[in-house]
Amino acid sequence: MFFIMGITDGRRDFDFTQIVICNVCSRYGRYQVFMTYMTLSLFFIPCFKWNKHYYVQMSCCNTVYELNPEIGKRIARGELIDIRPEHL
């Protein structure tokens, strides 16, 4: 008997947009929220996810900020919230 298993990293983009003025380039841009994670797969079926991190990327200059995990979880559940500078 043999097992086919593997560990891979993944990325999930969320359907979340918020228009802001960028602190880096001072232009209008959008927050694009995504999550990165590691996955254990058994027979090509994802079984377990860990090491989840939430990020915000600016559309104007591609600056990436790490997002507060609690805010990221709320966005993943589909809640409509505003991301403030203290969340980054």
Accessible solvent surface per residue of the chain, calculated while the other protein chains remain in place, 1.4 angstrom probe, Å²: 72 Å²
Centre separation in Å (Cα based) which lies between segment 63-84 and segment 1-24: 13 Å
FRET efficiency, 1/(1 + (r/R0)^6) with R0 35 Å, evaluated for residue 2 and residue 55 via beta carbons: 0.40
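May I ask for the net charge around residue 80, where only other residues with Cβ less than 12 Å from the Cβ of residue 80 are counted and Lys, Arg are +1 while Asp, Glu are -1?
Working: positive: 74, 77; negative: 15, 79, 82.
Here the count lands on -1.
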Mean residue ellipticity (222 nm) of the chain, computed from DSSP H runs ≥ 4 via -39,500 (n - 2.57), nearest 500: -2500 deg cm²/dmol
Total formal charge among the other residues, if their Cβ is under 12 angstrom from that of residue 37, Lys/Arg +1 and Asp/Glu -1: +3
Of 75, 45, 19, the one that fluctuates the most in a GNM where the chain has Cα springs shorter than 10 Å: 45
Residue with peak Gaussian network fluctuation, the chain [Cα springs, cutoff 10 Å], from 32, 57, 18: 18
Candidates 31, 54, 65, ranked by Gaussian network fluctuation over the chain, Cα under 10 Å, top entry: 65
Accessible surface of the chain [probe 1.4 Å, protein heavy atoms]: carbon and sulfur percent: 54 percent
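Counting Lys and Arg as +1 and Asp and Glu as -1, what is the net charge of the other residues whose Cβ lies under 14 Å from the Cβ of residue 49?
+3
The values are calculated or read from the model by the stated rules, or taken from the named source; none is laboratory data. Note that the structure is predicted; figures quoted are calculated from it, not measured. Positions of Cβ are backbone-derived with ideal geometry, glycine not excepted, and every protein chain shown enters the neighbour counts. All accessible areas refer to the heavy atoms of the entire protein, side chains included, with ligands and DNA or RNA removed. Shrake-Rupley method; radii C 1.70, N 1.55, O 1.52, S 1.80 Å.
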